[in-house]
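See structure below.
The values are calculated or read from the model by the stated rules, or taken from the named source; none is laboratory data. The structure presented is a predicted model; accordingly, all values stated were derived computationally and were not measured. Here the Cβ positions follow ideal geometry from the backbone for every residue, glycine too, while neighbour counts run over all protein chains shown.
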Amino acid sequence: MIKRSFRRIWNTCLLLAMALASTSAYAQYPSRPVHVVVTFLPGGSADTLARIVATKLSAAWGQPVIVENRAGAGGNIGADFVAKSAPDGYTLMFTPPGPLAINWFLYKQMPFDPRTAFAPVSVLAIMPNILVVGPRVSARDIHEFVAYAKGNPGKLSYGSQGVGSTPHLTGEMLALAANINIVHVPYKGFPPILADLLGSRLDFAFADSINALPQLKAGKLRAIAVASSKRFYALDSTPTMIEAGFPDFVSTTWMSFAAPAGTPPEIARKWHEELVKIVNLPDVQARFTALGVEAWASSPLEMQQQMDSEFKRWGEVIQRTGARNN
């Protein structure tokens, strides 16, 4: 009896000591540099937002938070690197939705399964996609736009940053929802799309708010509708697609942090808590507002729900339209 009681007490003390040691380890995190892999090229919206936040994280934690760009294959190259990294909180990914919610349906060969390869950390921010038109489109609202498209099948062309990009799939979603025939033209980035819109070689595009706002403010492009669930603060007079009669027509570019699967939830929670503080800093709010970005800093659970919802949404669009990257 005495031996059994002693063993129970010993085991309890051992478990308590292990728990305290684990808690202490997480309390000291990070104790060395953290690497954030951005899945797209330097200078883009993902890279810009990652560097704003990394500077603040470094200051808060007293450790370097280093941003690395690993672009290619729609974000899959950087995402695969992170998925195969140690799940210790020292290598995370910052990405738009492609690797997490779109590429699984778009690519015949995927190096990872986004449903199991990552631990959600936080959706940092959301940028609504805006239907913008160039000077050769006279339609003033989405109803005139759709009416013209129906009367001129195959004559309206739209640009995107490539097959499978959110702007491309949003155009496909519009074609399905409005039953119109429009022509997709893939580009390598937004600058050539803008040049062809202004040069009347292209009719319209779905552009995220970071790309669209400067051109709208300068009067170079015109906004027809916003593909968000509610009106966008920077374009409060422009109706949403839902208001215009297209139920559940939501398309946003959301930027999120994810870690390799198996990363301790305590680390994800620490990131979330710090990101909430960062997005509420006045200077960060000012930067985000100027860029046309809506801050979120979601919890890991909210990010998982966002991933599940977007996985379903874009999976259905891709399967119905047959869009493929290879």
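What number of residues within the range 39-70 satisfy the criterion of being among the small types (Gly, Ala, Ser), under 15 Å from the mean Cα position of the chain (by Cα) and modelled with pLDDT under 95? Before you say what the answer is, go through the steps one by one.
The first filter runs over the range 39-70 and keeps only residues among the small types (Gly, Ala, Ser), leaving 43-46, 50, 54, 58-60, 62.
Within this subset, residues satisfying the condition of being under 15 Å from the mean Cα position of the chain (by Cα) are 44-46, 50.
Narrowing further to those that are modelled with pLDDT under 95: 44-46.
The number of residues fulfilling the criteria is 3.
Pick from the range 66-115 the residues that are in contact with a His (Cβ under 9 Å, 6 or more places away or on another chain) and free of Cβ contacts under 8 Å to residues at least 40 places away in the same chain: which of them is surrounded by the most Cβ atoms within 10 Å (Cβ to Cβ)?
Val67
Looking at the range 49-72, which of its residues are under 20 Å from Gln161 (Cβ atoms) and either part of a loop (DSSP other than H, G, I, E, B) or touching a helix residue (DSSP H, G or I) at 6+ places or on another chain (Cβ under 7 Å) (or both)?
Selection gives Asn69, Arg70, Ala71, Gly72.
If you take the residues in the range 139-175 that are among the hydroxyl-bearing types (Ser, Thr, Tyr) and modelled with pLDDT of 95 or more, which one is surrounded by the most Cβ atoms within 10 Å (Cβ to Cβ)?
Restricting attention to the range 139-175, the residues satisfying the condition of being among the hydroxyl-bearing types (Ser, Thr, Tyr) are 148, 157-158, 160, 165-166, 170.
Next, only the ones that are modelled with pLDDT of 95 or more stay: 148, 157-158, 170.
Numbers: Tyr148: 16, Ser157: 16, Tyr158: 25, Thr170: 28.
Top of the filtered list is Thr170.
Only one of these conditions is not met by Ile193: (1) surrounded by fewer than 24 Cβ atoms within 10 Å (Cβ to Cβ); (2) outside any strand (DSSP E or B). Which number is it?
Every listed condition holds for Ile193 apart from (1).
Sort out which residues of the range 211-246 are of a type in the set (A, V, I, L, M) and touching a strand residue (DSSP E or B) at 6+ places or on another chain (Cβ under 6 Å), and write them in order of number. Write out each step before concluding.
The initial filter retains those residues of the range 211-246 that are of a type in the set (A, V, I, L, M), namely 212-213, 216, 218, 221, 223-227, 234-235, 241-242, 244.
Selection gives Ala212, Leu216, Leu221, Ala223, Ile224, Ala225, Val226, Ala227, Leu235, Met241, Ala244.
Can you name the residue in the range 176-188 that is surrounded by fewer than 18 Cβ atoms within 10 Å (Cβ to Cβ) and in contact (Cβ under 8 Å) with a residue 60 or more places away in the chain and, of all such residues, is farthest from Gly72 (Cα to Cα)?
Ala177
Would it be correct to say that Ala286 is crowded, with 21+ Cβ neighbours inside 10 Å and either without any contact (Cβ under 8 Å) to a residue 40 or more places away in the chain or within 15 Å of Leu301 (Cα to Cα) (or both)?
Details: crowded, with 21+ Cβ neighbours inside 10 Å: no; either without any contact (Cβ under 8 Å) to a residue 40 or more places away in the chain or within 15 Å of Leu301 (Cα to Cα) (or both): yes.
The answer is no for Ala286.
Out of everything in the range 290-312 that is at pLDDT below 95 and part of a helix (DSSP H, G or I), what residue ends up being surrounded by the most Cβ atoms within 10 Å (Cβ to Cβ)?
Leu291
Can you tell me which of (1) crowded, with 23+ Cβ neighbours inside 10 Å; (2) closer than 20 Å to Val317 by Cβ is the one Thr240 doesn't meet?
(1)
Which count do you get for residues in the range 79-96 that are of a type in the set (Val, Ile, Thr) and out of contact with any helix residue (DSSP H, G or I) (no Cβ under 8 Å at 6 or more places or on another chain)? Full working, then the answer.
Filtering the range 79-96 for residues of a type in the set (Val, Ile, Thr) gives 82, 91, 95.
Checking which are out of contact with any helix residue (DSSP H, G or I) (no Cβ under 8 Å at 6 or more places or on another chain) leaves us with 82.
The qualifying residues number 1.
When you check Val121 against the structure, is it under 30 Å from Ala86 (Cα atoms), under 22 Å from the mean Cα position of the chain (by Cα), touching a residue at least 40 places away in the same chain (Cβ under 8 Å) and surrounded by 24 or more Cβ atoms within 10 Å (Cβ to Cβ), yes or no?
Working: under 30 Å from Ala86 (Cα atoms): yes; under 22 Å from the mean Cα position of the chain (by Cα): yes; touching a residue at least 40 places away in the same chain (Cβ under 8 Å): yes; surrounded by 24 or more Cβ atoms within 10 Å (Cβ to Cβ): yes.
So Val121 passes the test.
This table checks each residue for (1) assigned by TED's automatic domain parsing to the domain that holds Gly75; (2) out of contact with any Gly (no Cβ under 9 Å at 6 or more places or on another chain).
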| residue | (1), (2) |
| --- | --- |
| Thr240 | no, yes |
| Glu243 | no, yes |
| Thr263 | yes, no |
| His272 | yes, yes |
| Asn280 | yes, yes |
| Arg287 | yes, yes |
| Ala295 | yes, yes |
| Gln304 | yes, yes |
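Taking the range 32-43, which residues are in contact (Cβ under 8 Å) with a residue 60 or more places away in the chain and part of a loop (DSSP other than H, G, I, E, B)? Spell out how you get there, then give the answer.
Taking the range 32-43 first, the residues in contact (Cβ under 8 Å) with a residue 60 or more places away in the chain are 36, 39.
Listed by number, the list holds a single entry, Thr39.
Are there strands (runs of 3 or more DSSP E) fully within the range 204-262 with at least 1 residues that are modelled with pLDDT under 95? List them. Write out each step before concluding.
Values: elements: 204-208, 222-226, 252-260.
Correct list: 204-208, 252-260.
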